[in-house]
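> Take this structure, written in structure tokens, and hold onto it; I'll ask about it next.
Computed from the coordinates by the stated procedures, all read-outs in this text should not be read as laboratory data. Please read all numbers here as calculations on a predicted model, not as lab measurements. All Cβ positions, even for glycine, are placed from backbone atoms using ideal geometry, and neighbour counts span all protein chains on display.
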Amino acid sequence: MDQRVHLCEGMDRPTVVPRWAFARWPLGAKVGILSAALTTAALVAARMVAGSGDAVLRVPAGHLTVATVEQGVFHDLVPLRARVEPRETVYVDAIDGGSVVRLLVEAGDRVQKGQPLLEMSNNNLALSVIQQESQINQAISQLQQNEIALQQNALSNQRALVEVEYQLVRLEKSAARREGLAAGGALAREQRDQVADELAYYRRLHPIQAASSRLQSELRDRLVPDIHRQQDNLRRNLDVVQGKLAGLIIRAPLDGVVTAIDLTPGEHRNPGDRLAEVTPDSGMKLSALVDEYYLARVRTGQSARVILDGRQVSATVRRVSPQVKDGLFAIDLAFDGEGPANLVAGETAFGRLQLGGDTPALVIPNGAFLGRTGGNWLFVLGADGKSATPRQIKVGRRNADQLEILDGLRAGEQVVVSDYTSLDRSDLLVLTD
């Protein structure tokens, strides 16, 4: 039985259709099937297996981008798409949180240090401040009472010592007089002995009282400074507690321009939430994201040139962030000199970052083939220019326009640098007209 071959787009082998089934199809369907088969074979480059066993792909030459390997100059540059940003930005955050009562400034207003930006309220904070004030005041009062007690004890001991010394003087004089009277028989011995015993008692009591007074004085000298320090700390704490209520009026931390204050009266903000941003008059900088491929080669001090307001401006890398996100890392650049005037935050600048000097090298254009091959191989055209085979290569430095070839190619050879989607599983490309 005769059979017809039906070539289907996207299939590597033909589907065999019985003749009787094909014959029963309408004429329009037959024409469409045959036309699709011819188009697929000629334009979509149907793959076939050559006699050598290699996968051969026929591709229209106009669908490929071909470049010539050249012995030229490699420009060690990185393309930049930078954003103009303030050199410094001070963030104003909520310390204790609360509800926004009213806004006193708007974005774009110029403010001075200490100027109120907005007012907030926090009833829980107010109650907490009252409780803390009461506790601190009680602690200060207790320390004051302790100091007074130390002073009173010191005075009492001094008074007692003076009393003992007075009794010693009095009794010594009285004993001397009574001794003379007792010797002349004018005073009974019992009265003389009574004064003598009392004198002996005060003589024994004097060193004890003197030691007590000395110890009490030393204790007071040691404790009173500590009490004063504790009182000072408590008073500072009291100032901090009272300052929490004053902190509900948010003030500008420095002179500058309010660049952001996106709040609405009645809105509640938690502690640590961003309230506003203030930019000082310290100038502008450039911030750019760079492909992680260049992370090991970008260093502070490298030079860049960008276009701003239609003119070229020089800048220098001042900071390189090593954190990579979505395949990119951030750098900051400072303008050389004063920098352009009247720059606006958010303005975009395009330019190039100089990683190294211009050096002689074997180069090819940077192409889409890198996405499929990683720069490890590419298709090289034969001498007749009608076919191309894959070849291993070694790529060195790269920029937006060029690839440095370290091994695998020679000057004058032609290579395919376009997208390799649907090409990367082929062993031979045959270029058709």
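> For a quick check: sort V241, V101 by the number of other beta carbons within 10 angstrom, fewest at the front.
Final ranking by Cβ density, sparse to dense: V101, V241.
> Report the Cα centroid-to-centroid distance between segment 405-433 and segment 236-274 in angstrom, as an integer.
With segment 405-433 and segment 236-274 each reduced to a Cα centre, they are spaced 64 Å.
> If the elastic network links every pair of Cα atoms under 10 Å, which of I393, I364, I148 fluctuates the most in the Gaussian network model of the chain?
Looking only at I393, I364, I148, the largest GNM fluctuation is found for I148.
> Find, to one decimal place in angstroms, the Kirkwood hydrodynamic radius of segment 315-366, where the mean of 1/r is taken over every pair of different Cα atoms and then inverted.
It works out to 14.4 Å.
> Looking at the square roots a ≥ b ≥ c of the eigenvalues of the Cα gyration tensor of segment 284-330, which shape do they give, rounded for a/c under 1.5, prolate if a/b is larger than b/c, or oblate?
Details: a/c = 2.31, a/b = 1.82, b/c = 1.27.
Verdict is prolate for segment 284-330.
> What does the charge add up to near Q402, with Lys and Arg as +1, Asp and Glu as -1, over the other residues with Cβ less than 10 Å from its Cβ?
Spelling it out: positives minus negatives among the neighbours equals -2.
> Then there's this: From Cα pairs below 8 angstrom and at least 6 apart in sequence, can you work out the relative contact order of the chain, rounded to a whole percent?
That works out to 27 percent.
> List the longest stretch of the chain that has no exposed loop site; here a site is one of the trypsin sites (Lys or Arg not before Pro) assigned by DSSP to anything other than H, G, I, E or B, with at most 14 other Cβ within 10 Å.
114-296
> Here's a follow-up. Considering only A210, A67, A176, give the residue with the highest GNM mean-square fluctuation for the chain, with springs between Cα atoms whenever their separation is below 10 Å.
Between A210, A67, A176, it is A176 that shows the largest mean-square fluctuation.
> Here's a follow-up. Mind checking the log10 I(q)/I(0) for segment 124-246 at q = 0.23 Å⁻¹? Debye, one equal scatterer per Cα, no solvent, two decimals.
Treating every Cα as an identical point scatterer, log10 I(q)/I(0) equals -1.15.
> By counting other Cβ atoms within 10 Å of each Cβ, how are V169, V298 ranked from fewest to most?
Neighbour counts put them in this order, fewest first: V169, V298.
> Further, regarding this structure: If the limit is 28 Å between Cα atoms, which of K113/K325; K113/K285; K244/K285 go over it?
K113/K325; K244/K285
> May I pose another question? Kindly give the semi-axes, whole Å and largest first, of the ellipsoid equivalent to the chain, taking each as the square root of 5 times a Cα gyration tensor eigenvalue.
Gyration-tensor ellipsoid for the chain: 101, 28, 27 Å.
> Run lengths n ≥ 4 of DSSP H only: what is the helix-derived mean residue ellipticity at 222 nm for the chain, with -39500 (n - 2.57) per run over all residues, to the nearest 500? Present the calculation step by step, with values, prior to reporting the outcome.
Values: 5 runs with 144 residues, N = 433.
The helix-only estimate for the chain comes to -12000 deg cm²/dmol at 222 nm.
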